[in-house]
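Undergrad: To start, I am sharing the structure in question, which I have written as structure tokens.
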Amino acid sequence: PQTVTVSTTTKFVDRTGKVAAQTDVVTGNMVRVRGMWDSKNSTITEVTTVKDYSLPVKPAEKTATPSATQ
């Protein structure tokens, strides 16, 4: 696991580039983090941007419903 340290200046966006709330980013979401990587401690600090590729949630695909005609 990696630790990401954000600040009040960290910008959160969704995959379309629209502003997202920090609370929208949850464990398991695919994100890209821009900041300073410390490989020894597995931490990312000085984070400028967190882009969440899991937001907005994609709608479920519609499936065709077979129907009978006479």
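Undergrad: Hey, can you rank 40-46, 61-67 by average C-beta count inside 10 Å, highest first?
TA: On the way: 40-46: 12.3, 61-67: 5.3.
Highest-to-lowest ranking by the protection proxy: 40-46, 61-67.
Undergrad: For Gln2 and Ala60, calculate 0.36 nm times their separation in residues minus their Cα-Cα distance, and state this gained length in nm to one decimal. Numbers along the way, then the final one.
TA: Details: separation 58, 0.36 × 58 = 20.88 nm, distance 3.04 nm.
Contour length minus Cα-Cα distance gives 17.8 nm.
Undergrad: How many Å² of accessible area per residue for the chain, probe 1.4 Å?
TA: Numbers: 5870 Å² over 70 residues.
Solvent-accessible surface per residue comes out at 84 Å².
Undergrad: Give me the percent relative contact order of the chain, please, defined on Cα pairs under 8 angstrom at least 6 residues apart.
TA: Details: 101 pairs, mean separation 26.9, N = 70.
Relative contact order here is 38 percent.
Undergrad: In debye to the nearest 20, how big a dipole does the chain give about its Cα centre with +1 on each Lys and Arg Cβ and -1 on each Asp and Glu Cβ? Numbers along the way, then the final one.
TA: On the way: 9 positive and 6 negative charges, 34 e Å.
So the magnitude is around 160 debye.
Undergrad: Give me the log10 of I(q) over I(0) for the chain at q = 0.12 Å⁻¹, as the Debye formula computes it from C-alpha points; what are the numbers?
TA: Reported log10 I(q)/I(0), two decimals: -0.41.
Undergrad: Which net charge results for the neighbourhood of Thr16, defined as the other residues with beta-carbon distances under 12 angstrom from its beta-carbon, given Lys and Arg at +1 and Asp and Glu at -1?
TA: Details: positive: Arg15, Lys18, Lys51, Lys58; negative: Asp14, Asp52.
Counting the neighbours of Thr16, the net charge comes to +2.
Undergrad: Of Val6, Val50, which has the most accessible area and how do the rest follow, probe 1.4 Å?
TA: Val6, Val50
The values are calculated or read from the model by the stated rules, or taken from the named source; none is laboratory data. Quick caveat: nothing in here was measured; it's all calculated off a predicted structure. Here the Cβ is made from the backbone with ideal geometry for all residues, glycine too, and neighbour counts use every protein chain on show. Note: areas computed on protein heavy atoms with side chains; ligands, DNA, RNA excluded. Shrake-Rupley method; radii C 1.70, N 1.55, O 1.52, S 1.80 Å.
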